[in-house]
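Taking it in order: structure first as structure tokens, then the write-up.
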There are 6 protein chains.
Amino acid sequence: MKGDVYYGKGIRELEGEYTDLYEVVSDLNSAVWNGKVLDYKTQKLIAIGIAASRADARATKKQIRSAIEVLGITKDEIVDVLRVVLLTSGMPAFSKSLQILNSVVEAIEEGKEDKA
Amino acid sequence: MKGDVYYGKGIRELEGEYTDLYEVVSDLNSAVWNGKVLDYKTQKLIAIGIAASRADARATKKQIRSAIEVLGITKDEIVDVLRVVLLTSGMPAFSKSLQILNSVVEAIEEGKEDKA
Amino acid sequence: MKGDVYYGKGIRELEGEYTDLYEVVSDLNSAVWNGKVLDYKTQKLIAIGIAASRADARATKKQIRSAIEVLGITKDEIVDVLRVVLLTSGMPAFSKSLQILNSVVEAIEEGKEDKA
Amino acid sequence: MKGDVYYGKGIRELEGEYTDLYEVVSDLNSAVWNGKVLDYKTQKLIAIGIAASRADARATKKQIRSAIEVLGITKDEIVDVLRVVLLTSGMPAFSKSLQILNSVVEAIEEGKEDKA
Amino acid sequence: MKGDVYYGKGIRELEGEYTDLYEVVSDLNSAVWNGKVLDYKTQKLIAIGIAASRADARATKKQIRSAIEVLGITKDEIVDVLRVVLLTSGMPAFSKSLQILNSVVEAIEEGKEDKA
Amino acid sequence: MKGDVYYGKGIRELEGEYTDLYEVVSDLNSAVWNGKVLDYKTQKLIAIGIAASRADARATKKQIRSAIEVLGITKDEIVDVLRVVLLTSGMPAFSKSLQILNSVVEAIEEGKEDKA
């Protein structure tokens, strides 16, 4: 379901100490990932595009990993997102995100082989 | 068709004077908007998200206008893009883009009334 | 009081049409401007610094105006914020914000004279 | 005292080789951290906000560490800065800075225990 | 000469009211535009590239105008700078800067005709 | 020659799987690094300035290394680029880039000693 957001360590630690902040972060996530008309997958592709356009390695990696693992988004679909990143944000952002995509896909495949 | 990109004045003027640049810009546009798996509309929503996340008024306006006029993307769909912008980029980018969206929608509706 | 945030037009229009978004934006504002230990004025100075460091004219103007009009923050205090902007973000952001500060201060003073 | 700025390695190495640059960097620091009216602590909180809003890990870590170690700024105060970052810059910048804050606080506490 | 920097209105107004800031801004300009080995023109081309890569209309316009008027830099040279902007920063920054370049060149030529 | 661009791993892997993207990236590089009037070295200095102004460690390192190794650009020349970065982008970007420059120069010198 949409509401199932996997928070990083920083956010989870808010829960005890800064309850008001934790609650507003939860509410914000609920309001965002429950669009009126776009489905979760499309919103996720948009979030990948925004993270990649900033060459933000940490956010791009997190978005790509959960896109593939949780939503079943494919490598080809993410490359199509990165096409828009190349056009709007240039080569450094594109090339960095491409490398992140490749390494995430590789890591997931290795994980599957280990289990097999 | 996807290849039909409407260039701004700056790019159109490249055609005569800087032909090599004009050609590479055209090729870039063709390669970007012809993704393997995502449709044009989804790529456009991603482009809106990237422009809005930077609070880039000029690019956001251009993307939103062509999204509505050429691709028939609705206001509700763009608000769903802006939800992701609010989460990933904060209030100033969200609030600025929301105002641009409202003014573009208004301008288009007024245009229709004038013709009616 | 802290909770008294003056929303721009874009946000106010959310209230009817996109109630869930309006509510989360309100909650976010409440959670932010009610810090545990810092007072509202210090948080406002931080918000000015962030807006100015991005050379975001619209947000800088809004923050500076409400800082002066609502919180009684002085020009000297804002120049001290802009010193940090000069160091961390360079001359274009500093010089743009300085001009915005000067024009806001001037406009407020003219407004007072008109009423006198 | 305000003038006591702890330069990173890159800047310190300027001193011998690029004396004119070293001097202007020193003068810049002096002019910035000696505001007319705001105290050093408030200016430091603003510098943390600007670094965190850019999700600049290196600068955020440096600012937070010197804030705690040199100026005695508390974790709660920095969380109040990060509230403004959440509002103005979104979740990725907020969540990254929160993790940096947690790890810096932890490292400082471990250092104290080691000495005890 | 290199030291001849034309300050905008905001900076000039510092001179009386915030003398220490005005002096450090002057010293900074002197230290920057007096490189050991690169000439002023090359440094100016770099400054144009940085401003344009951010799609910062105000700074791009100022840099381009003084490049052409004071240093005799040509349109072709600036287009070569913008090629690097296209590669590193994408189409919106490139297209916006190209339009600024065209309008500055046009305004300068009209100015010359008026005097003729 | 100008056309000799050394792609990172991410881009090279495009060649087999996403041929259309690989081709447009190649064409883009050719169109950018073959300016009408500026030489390759000047364009490279501009690219360093843009990467450094964003405090983008990965891109700054790549640009600086190929500048020194392939084009024989000197440390003094790059410091002159970083002067412009200090002015336009502030201390964090300047100081980070300076450290990258120092470590790249050191690594290259160590490499030479190893071979000697």
| task | Being among the β-branched types (Val, Ile, Thr) and surrounded by fewer than 22 Cβ atoms within 10 Å (Cβ to Cβ) is the filter here, so list the residues in the stretch B:20-39 that pass it. | result | B:Val37
| query | Given C:Ala52, C:Ala67, C:Ala116, C:Ala107, which one is open to solvent by less than 10 Å² (accessible area, probe 1.4 Å), more than 10 Å from every other protein chain (Cβ to nearest Cβ) and among the small types (Gly, Ala, Ser)? | reply | C:Ala67
| field | From D:Thr88, D:Thr60, D:Thr42, residue being in a helix (DSSP H, G or I), facing chain C (nearest Cβ under 7 Å) and either over 14 Å from C:Leu38 (Cβ atoms) or open to solvent by 40 Å² or more (accessible area, probe 1.4 Å) (or both) | value | D:Thr88
| request: Kindly provide the set of residues from the stretch E:27-39 that are touching a residue at least 12 places away in the same chain (Cβ under 8 Å) and outside any loop (DSSP other than H, G, I, E, B), ordered by number. | output: E:Asn29, E:Ser30
| What number goes with the only condition from (1) in a helix (DSSP H, G or I); (2) at the interface with another protein chain (Cβ under 8 Å from one of its Cβ atoms); (3) closer than 22 Å to F:Glu13 by Cβ that A:Ala47 does not pass? | (3)
| remark: B:Asp76 vs (1) under 16 Å from the mean Cα position of the chain (by Cα); (2) more than 9 Å from chain A (Cβ to nearest Cβ); (3) free of Cβ contacts under 8 Å to residues at least 24 places away in the same chain: all pass except (2)
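The values are calculated or read from the model by the stated rules, or taken from the named source; none is laboratory data. Bear in mind that the values here come from a model prediction, so they are computed numbers and not experimental data. Note that we place each Cβ from the backbone using ideal geometry, even for glycine, and neighbour counts take in every protein chain shown. In case anyone asks, the SASA skips ligands and DNA or RNA and just uses the protein heavy atoms, side chains included. Shrake-Rupley method; radii C 1.70, N 1.55, O 1.52, S 1.80 Å.
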